Amino acid sequence: MDTVTRLVAEKPVVIFSKSNCCMSYSVKSLICSFGANPTVYEIDNIPNGQNIERALLQLGCRPSVPAVFIGEQFIGGANEVIRLNVQNKLAHLLITAGAIFIWSGK
């Protein structure tokens, strides 16, 4: 858990992902479409990835990826991010976290 906390500290958007996960790809694409540049950790490609995955599961992320943090706050997985986007709340979170500065919403 400390590793996850350290990795998300002071970064506007962090996504824990797996390189072969289509939902992770979709969430990364959605967040990037707002102009954000998320920090992405592909947990299947880093040495302590299994420990990170266990910590994400302890946080309640089921499945473990994608796991999205905005403004150091755990948002959830793909369903939660998509729900925020449909409710027009994702852009506001990204602006508040300093991940984007202007959003026209067009």
key: Given 15 as the ceiling on other Cβ atoms within 10 Å, longest exposed-site-free region of the chain for GluC sites (Glu not before Pro) in DSSP loops   = 11-71
query = Taking neighbour counts of Cβ atoms within 10 Å as a proxy for exposure, in what order, fewest first, do V68, V14 appear?
reply = V14, V68
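From the helices alone, meaning DSSP H stretches of at least four residues, give me the mean residue ellipticity at 222 nm for the chain, per-run term -39500 (n - 2.57), in deg cm²/dmol to the nearest 500.
One gets -12500 deg cm²/dmol as the mean residue ellipticity at 222 nm.
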request  = Using a Förster distance of 22 angstrom, determine the FRET efficiency expected from the C-beta separation of K11 and I46, and round it to 0.05.
outcome  = 0.90
task = Add +1 for every Lys or Arg and -1 for every Asp or Glu among the other residues with Cβ under 14 Å from the Cβ of G77, and state the total.
result = +2
Beta bridge orientation in the chain: antiparallel %, DSSP, nearest 5 = 65
query = So which chymotrypsin sites (Phe, Trp or Tyr not before Pro) in the range 17-106 pass both tests, a DSSP loop state and at most 10 other Cβ atoms within 10 Å of the Cβ?
reply = F101
inquiry  = Can you give me the angle between helix 49-59 and the longest principal axis of the chain, using Cα atoms only, in degrees from 0 to 90, rounded to the nearest 10?
reply    = 60
note = Under 5 Å from the placed amide H of G76, counting only residues 5+ away or on other chains, we find V68
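For a footprinting-style exposure proxy, rank C22, C61 by other Cβ within 10 Å, fewest first.
The most exposed by this proxy come first: C22, C61.
Where a number appears in this text, it was derived from the coordinates with a stated rule and is not lab data. Quick caveat, the model's predicted, so the values are computed rather than measured. In this analysis, Cβ positions are derived from the backbone assuming ideal geometry, glycine residues included, and neighbour counts consider all displayed protein chains.
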